Amino acid sequence: MNIESEKEQFLKEFGSYYGYANSPKNIDEIRATEFKRLNDTVYLDHAGATLYSESQMEAVFKDLNSNLYGNPHSQSTCSLATEDIVGKARQQVLSFFNASPREYSCIFTSGATAALKLVGETFPWSSNSSFMYSMENHNSVLGIREYALSKGAAAFAVDIEDTHVGESESPQSNLKLTQHHIQRRNEGGVLKEGMTGNTYNLFAFPSECNFSGRKFDPNLIKIIKEESERILESSQYSRGCWLVLIDAAKGCATNPPNLSKFKADFVVFSFYKLFGYPTGLGALIVRKDAAKLMKKTYFSGGTVTAAIADVDFFKRREGVEEFFEDGTISFLSITAIQHGFKIINMLTTSSIFWHTTSIAAYVRNKLLALKHENGEFVCTLYGLLSSEMGPTVSFNMKRPDGTWYGYREVEKLATLAGIQLRTGCFCNPGACAKYLGLSHLDLLSNIEAGHVCWDDRDILHGKPTGAVRVSFGYMSTFEDAMKFVNFVETNFVISSSNRCALQPRSISLPIEGIAEAAARHFLTSITVYPIKSCAGFSVDQWPLTSTGLLHDREWILKSTTGEILTQKKVPEMCYISTLIDLNLGKLFVESPRCKEKLQIELKFSSLVTERDEMDIQNHRYEVTSYNNEVDIWFSRAIDRPCTLLRNSGSQSHSCINKKGSSGMCRDVGARLNFVNEAQFLLISEESIADLNSRLKSNGRRRNGGQAVQVGVMRFRPNLVASGGEPYAEDGWSNINIGGKYFMSLGGCNRCQMININPEAGEVQRFTEPLATLAGYRRAKGKIMFGILLRYENNTKTESDTWIRVGEEIVPNGDRH
């Protein structure tokens with residue numbers, strides 16, 4: 001794809017909308033001066049968080065270094081200066097949404113979620129109230145349901161269908177709401193005739209869906225307020241006074257609600273969605289008449305004019321903002337708002353809308369046109385039935401045979417290509433289920449299979465569990481969009497030019513009985529990793545057990561939140577070295593951050609404090625924990641609180657159905673310690689040599705200019721083989737090592753952990769070697785390197801069986 005001709009064609013279609021031609025700075029100048037840090041990165045997650053500009057941050061730092069701001073709950077000079085800045089910030093926010101200060105107030109919160117929580121906990125719910133919300137809503141909106149249901153109110157979702165989106169003067173009669181089933185926790189609260197006078201209901205919808213980019217008609221506000229009985233077909237839940245909430249977190253950056261025209265009662269948003277900084281700050285814009293109905297129990301500093309400590313007496317402040325802003329607001333962050341608004345006001349939201357929409361339209365058109373060489377379309381896009389879309393493109397992709405590419409595969413390859421995007425359900429379960437066609441049964445089945453947010457189970461039962469999303473911000477460029485389209489075409493469209501790199505047969509399998517006959521293979525290395533994701537130690541010989549190598553990955557580190565820690569998130573774990581002395585019966589652990597070497601008895605000792613059970617990847621373990629001294633040592637070693645756990649039980653059989661996920665390769669037929677997939681990983685020296693040859697021929701170099709070369713231990717194998725051709729191990733269905741029999745479970749799917757390289761006491765992250773492997777070792781959503789093995793112990797009891805370096809490896813033989 002020629003970039004000059006492609007851009008010329010793009011400008012012919014969208015030139016009047018793209019680039020801020022009438023602004024003091026056009027898009028090329030903005031990128032060159034304000035976002036130099038994006039030179040090597042394509043950032044496409046503006047729906048998650050947009051980016052701050054260089055001049056914005058320079059102005060923030062200059063402001064803070066030049067002025068003295070004090071706590072606004074005081075009368076000092078610096079406090080009054082803060083109060084003045086806060087007041088101006090409120091006015092800027094109201095002006096941005098075209099809201100009159102006579103009619104609306106701006107309450108600062110820690111973000112859009114906190115603003116939604118504030119509405120939920122102070123809304124005047126009753127047993128006759130209803131909480132109605134569109135299916136396409138963020139989890140933070142769905143959370144309001146808990147407040148409603150706990151007060152005996154009804155809650156229900158609605159699908160909203162429209163054939164026209166626009167800010168017309170009158171509500172659209174062709175708008176249709178389809179009501180889902182009623183949720184109630186208190187059946188005694190059924191609405192009674194004549195009981196609607198003081199009943200308040202809440203309707204919530206997003207200005208723009210963060211999953212699909214679909215924009216919702218702001219006329220919904222007037223329709224729900226004035227025609228609720230008609231639109232809900234005289235349902236008993238349509239009665240009473242309706243208040244309307246807009247979640248503008250996604251839509252505010254390009255098309256903020258116009259509150260002078262569409263009188264919503266509540267609007268929530270976060271500032272980092274607008275201009276990247278500050279984070280941890282948002283606002284609730286509330287209509288003053290609606291604020292009078294809100295019921296607040298707690299009071300704090302700043303919200304009362306007087307209180308008596310030993311008497312039940314306090315007097316609240318009368319101002320709406322003072323009434324709801326508990327404690328000292330984040331006033332230093334609020335001072336930064338003015339600097340963020342400068343570039344938004346310079347460009348104007350209208351120009352930002354057209355600029356970003358034109359880029360999104362280009363990407364949609366390109367993705368929709370992509371076909372495999374057999375004529376099958378590649379991409380399925382979501383939300384296209386809506387007549388107006390925001391600058392978000394959500395989609396999934398299929399292979400020529402109709403099976404789905406997993407979104408985690410897309411994300412992994414995009415990261416290697418320098419493209420930052422988002423995958424999953426984006427905390428929007430309703431939109432996710434709607435667009436992916438997931439029934440309640442599908443969702444429950446996925447949960448039972450162990451699927452949770454942010455995991456790697458992207459395909460279950462043949463269906464995607466989420467999607468790929470790219471979204472654009474005011475600083476996005478045509479070049480960003482084109483690089484992304486090129487990435488999709490290169491990596492996921494099967495054509496004659498790239499077929500060999502994308503199809504499973506790119507992994508060369510030797511012909512059984514021919515390649516093996518001419519080559520002999522030997523075991524050259526054995527490595528044991530006692531603590532998952534920490535450094536291992538090499539031995540010349542080691543005992544085998546029913547769980548693999550004795551004590552291999554028998555221990556794990558767990559965070560205080562329950563997360564199992566690995567080098568993916570805590571790369572410093574690679575500096576924790578381990579050694580087991582079987583004669584002394586001890587595990588020795590060292591770290592450059594700890595002065596003393598830690599010694600742990602292999603036999604359960606006084607260091608053990610308690611036993612428990614835990615589930616990891618649907619696999620149940622009996623575990624023991626250690627005393628505080630051990631946990632403090634490891635917490636110091638990785639510079640974060642953690643606990644050490646040991647697998648101590650035998651009830652560790654996986655319950656994952658083998659057919660439950662095409663993306664999982666977990667050994668379900670063996671006892672396992674804390675491994676990801678199988679008891680053993682085997683790598684061949686010849687395969688490593690071939691990879692390094694490819695890295696050299698591709699000219700892959702580190703930041704310092706040195707050629708990228710990787711050692712075998714980068715892949716953390718238990719066993720290293722030598723002899724034969726590169727990747728001969730791919731064709732081994734079983735192997736015999738010195739009379740010990742091992743079953744092959746297939747290839748090992750590699751992740752970005754192999755790109756972590758500890759050098760000179762500093763962990764460095766590269767795109768290699770995974771990027772090169774992806775070019776020739778990718779098959780069915782996986783990047784394969786090395787094979788997984790299971791030890792087939794034919795005795796019913798643990799035997800004194802050892803594996804030794806130098807033993808011959810005989811592939812694909814009969815078991816004797």
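The values are calculated or read from the model by the stated rules, or taken from the named source; none is laboratory data. Since we're looking at a predicted model, the values are computed, not measured. A quick note on method: Cβ atoms are made from the backbone with ideal geometry, for glycine too, and the neighbour counts reach across all protein chains shown. Keep in mind that these areas ignore ligands, DNA and RNA; they rest on the heavy atoms of the full protein, side chains included. Shrake-Rupley method; radii C 1.70, N 1.55, O 1.52, S 1.80 Å.
Tell me which residues, restricted to region 740-763, are without any contact (Cβ under 8 Å) to a residue 40 or more places away in the chain and open to solvent by 10 Å² or more (accessible area, probe 1.4 Å). R750, E759, A760, E762 - these are the residues of region 740-763 that are without any contact (Cβ under 8 Å) to a residue 40 or more places away in the chain and open to solvent by 10 Å² or more (accessible area, probe 1.4 Å). Among the residues examined, K532 does not qualify as basic (K, R), under 27 Å from T643 (Cα atoms), touching a helix residue (DSSP H, G or I) at 6+ places or on another chain (Cβ under 6 Å) and in contact (Cβ under 8 Å) with a residue 40 or more places away in the chain. Across region 204-252, the number of residues qualifying as closer than 23 Å to I285 by Cα, in contact with a helix residue (DSSP H, G or I) (Cβ under 7 Å, 6 or more places away or on another chain) and among the acidic types (D, E) comes to 2. Among the residues making up region 1-50, those that are over 29 Å from the mean Cα position of the chain (by Cα), farther than 18 Å from N486 by Cα and part of a loop (DSSP other than H, G, I, E, B) are G15, S16, Y17, Y18, G19, Y20, A21, N22, S23, P24, K25, N26.
In region 39-55, is there at least one residue being farther than 22 Å from T349 by Cβ, open to solvent by less than 20 Å² (accessible area, probe 1.4 Å) and touching an Asp or Glu at 6+ places or on another chain (Cβ under 9 Å)? Yes, there is a match, as at least one residue in region 39-55 is farther than 22 Å from T349 by Cβ, open to solvent by less than 20 Å² (accessible area, probe 1.4 Å) and touching an Asp or Glu at 6+ places or on another chain (Cβ under 9 Å). Within region 273-298, being touching a residue at least 24 places away in the same chain (Cβ under 8 Å), of a type outside the set (K, R) and assigned to a loop (DSSP other than H, G, I, E, B) holds for G276, Y277, P278, T279, G280, L281, L293, M294, Y298. Somewhere in region 418-436, is a residue assigned to a helix (DSSP H, G or I), hydroxyl-bearing (S, T, Y) and open to solvent by 10 Å² or more (accessible area, probe 1.4 Å)? Yes, some residue in region 418-436 is assigned to a helix (DSSP H, G or I), hydroxyl-bearing (S, T, Y) and open to solvent by 10 Å² or more (accessible area, probe 1.4 Å). Identify, please: which residue in region 229-255 is over 30 Å from S476 (Cβ atoms) and at pLDDT 85 or above and is, among those, surrounded by the fewest Cβ atoms within 10 Å (Cβ to Cβ)? Of everything passing the filter in region 229-255, C241 is surrounded by the fewest Cβ atoms within 10 Å (Cβ to Cβ). Among the residues of region 272-298, those that are out of contact with any helix residue (DSSP H, G or I) (no Cβ under 8 Å at 6 or more places or on another chain) and open to solvent by 30 Å² or more (accessible area, probe 1.4 Å) comprise Y272, R287, D289, K292, L293, T297, Y298. Taking region 94-125 as the range and being hydroxyl-bearing (S, T, Y) and farther than 28 Å from C427 by Cα as the test, the residues that pass are S95, S100, Y104, S105. Condition first: part of a strand (DSSP E or B) and open to solvent by 50 Å² or more (accessible area, probe 1.4 Å). Now tell me which residues in region 310-329 satisfy that. Within region 310-329, F313, F314, K315 meet the criteria. Among the conditions (1) of a type in the set (V, I, T); (2) open to solvent by less than 10 Å² (accessible area, probe 1.4 Å); (3) at pLDDT 95 or above, I494 misses just one, which is (3).
Reported count of residues in region 349-368, each being surrounded by 15 or more Cβ atoms within 10 Å (Cβ to Cβ) and over 29 Å from the mean Cα position of the chain (by Cα), is 1. Inclusion of K603 among residues that are closer than 23 Å to L681 by Cβ and either in contact with a Phe, Trp or Tyr (Cβ under 9 Å, 6 or more places away or on another chain) or outside any strand (DSSP E or B) (or both) is not warranted. Can you pull out the residues in region 746-793 that are outside any strand (DSSP E or B) and among the acidic types (D, E)? E768, E792, listed by residue number. Number of residues in region 210-247 that are β-branched (V, I, T), in contact with a strand residue (DSSP E or B) (Cβ under 6 Å, 6 or more places away or on another chain) and part of a helix (DSSP H, G or I) equals 3. Looking across region 114-137 at every residue that is in contact with a Gly (Cβ under 8 Å, 6 or more places away or on another chain) and open to solvent by 10 Å² or more (accessible area, probe 1.4 Å), the one that is nearest to N186 (Cα to Cα) is identified as S127. All conditions in (1) open to solvent by 80 Å² or more (accessible area, probe 1.4 Å); (2) under 20 Å from G473 (Cβ atoms); (3) not polar (S, T, N, Q) hold for F35, with the sole exception of (1). Are any residues in region 98-113 part of a loop (DSSP other than H, G, I, E, B), of a type in the set (S, T, Y) and open to solvent by less than 50 Å² (accessible area, probe 1.4 Å), and if so, which ones? Hit for region 98-113 is S100, nothing else.
Filter region 334-391 down to residues that are under 30 Å from G402 (Cβ atoms), touching a strand residue (DSSP E or B) at 6+ places or on another chain (Cβ under 9 Å) and acidic (D, E), then give me how many there are. Counting residues in region 334-391 that are under 30 Å from G402 (Cβ atoms), touching a strand residue (DSSP E or B) at 6+ places or on another chain (Cβ under 9 Å) and acidic (D, E) gives 1.
Counting residues in region 727-735 that are in a strand (DSSP E or B), touching a residue at least 60 places away in the same chain (Cβ under 8 Å) and surrounded by fewer than 17 Cβ atoms within 10 Å (Cβ to Cβ) gives zero.
Determine, yes or no, whether G301 is in contact with a Gly (Cβ under 9 Å, 6 or more places away or on another chain), of a type outside the set (F, W, Y) and either surrounded by fewer than 19 Cβ atoms within 10 Å (Cβ to Cβ) or at pLDDT 95 or above (or both). In short, yes. For the subset of region 12-32 comprising residues that are among the aliphatic types (A, V, I, L, M) and open to solvent by less than 20 Å² (accessible area, probe 1.4 Å), which member is farthest from S333 (Cα to Cα)? Once the filter is applied, the top-ranked residue is I27.
Checked against the criterion of being over 30 Å from the mean Cα position of the chain (by Cα) and over 24 Å from K88 (Cβ atoms), the candidates K295, K371, K342 yield just one match: K295. Of the residues making up region 122-136, none is small (G, A, S) and free of Cβ contacts under 8 Å to residues at least 12 places away in the same chain. Filtering region 577-590 for residues that are on the phi < 0 side of the Ramachandran plot, assigned to a loop (DSSP other than H, G, I, E, B) and under 36 Å from the mean Cα position of the chain (by Cα) leaves an empty set.
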